[in-house]
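The values are calculated or read from the model by the stated rules, or taken from the named source; none is laboratory data. Note that the coordinates shown come from a computational prediction; the quantities given were computed from them, not determined experimentally. In this analysis, Cβ positions are derived from the backbone assuming ideal geometry, glycine residues included, and neighbour counts consider all displayed protein chains. What goes into the accessible areas is simple: the full protein's heavy atoms, side chains included, and nothing from ligands, DNA or RNA. Shrake-Rupley method; radii C 1.70, N 1.55, O 1.52, S 1.80 Å.
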Amino acid sequence: MMSEGLNPWELVLNASLIVKIVMALLLLASIISWSIMLRKRAELRRARIDADRFEEVFWSGGDLTAMFRAIDQGRRITKGMEAIFESGFREFSRMRQQGGFPSAQLIEGARRGMRVALLKESDRLEHSLSMLATVGSTSPYVGLFGTVWGIMNAFHGLGNVQQATLAMVAPGIAEALIATAMGLFAAIPAVVAYNHFAGDVNKLAIRFDSFMEEFSNILQRQIRA
């Protein structure tokens, strides 16, 4: 059982100013990373649901022009697969109405529009992931800095003592090690979440890219029909 003198809360309160600043920074980093994790989890879940819903409508065999008009007249910001479809079909329709473009240029124009939309969607889904990577990679070192500083203070305090004992240095070392523990507490969830979300974003990007190829083939068949 931990003695009253080594109560973690008391060690934090009695820590040196530098160690307190380090702990505050790590706590702030942990709060920010958890808020990003919760928001990103909901965002990626919504992106998967929207993709499923759009694919169900798209592959139901409805008229593509009517589908585009419904999206265009909806006066809302499109996302995900719907945004890729809208951008591609808009460019395809514009070039086809102008006339004079060979089939290859029509398809390339549509693909160019879809590619731009795909890059925007990938960038939107990857937003804030770099912050998780930063927290995961730097927090242990920030905590280690606090630990080193705390240990330096603990041993520096022994310079004015004729006979040093473990009981005298233990509280200082304990407060220093709390900084390392807080660094790991901030870093581990951020690293796990980053890897998980990066995998989800990659799966969605592959899914969007596959849709772009399939939609390009459909447009090619429309031109030949």
Roughly how tilted is helix 17-58, in degrees to the nearest 10 and between 0 and 90, from the longest Cα axis of the chain?
20 degrees
Ignoring trypsin sites (Lys or Arg not before Pro) buried by more than 16 other Cβ within 10 Å or outside DSSP loops, the longest site-free run in the chain is 77-225
Taking springs between alpha-carbon atoms closer than 10 angstrom, which of A29, A187, A154 fluctuates most in the Gaussian network model of the chain?
A154
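Suppose accessible area is computed on protein heavy atoms with a 1.4 Å probe; arrange L184, L106 from highest to lowest.
Most to least solvent-accessible, the answer reads L184, L106.
With every protein chain kept in place and ligands, DNA and RNA left out, what is the accessible area per residue of segment 1-124? Probe 1.4 Å, answer in Å². Don't skip to the end; give the middle numbers.
Working: 7860 Å² over 124 residues.
On a per-residue basis, 63 Å².
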Those lysines that a straight Cα-Cα span of less than 18 Å connects to K79, excepting residues fewer than 8 apart in one chain:
K40, K120, K203
Theoretical ellipticity at 222 nm over the chain - DSSP helices of four or more residues, -39500 (n - 2.57) apiece, nearest 500
-29500 deg cm²/dmol
Pick out, from Y141, S33, M67, the residue whose Cα sits farthest towards the positive end of the charge dipole of the chain, with +1 on the Cβ of Lys and Arg and -1 on the Cβ of Asp and Glu.
M67
Rounded to the nearest percent, how much of the accessible area of the chain (1.4 Å probe, protein heavy atoms only) is carbon and sulfur?
61 percent
State to the nearest 20 debye the size of the charge dipole of the chain about its Cα centre, where the only charges are +1 on K and R beta carbons and -1 on D and E beta carbons.
820 debye
Just to verify a number: what accessible area does E121 come out at with the full protein assembly present, 1.4 Å probe, Å² rounded to tens?
10 Å²
Can you return the aspartates and glutamates within cross-link range of K20? Criterion is Cα-Cα under 17 Å, with same-chain partners fewer than 8 residues away left out.
E10, E175
Could you sort M152, M182, M67 by their accessible area in this structure, using a 1.4 Å probe and putting the largest first?
M152, M182, M67
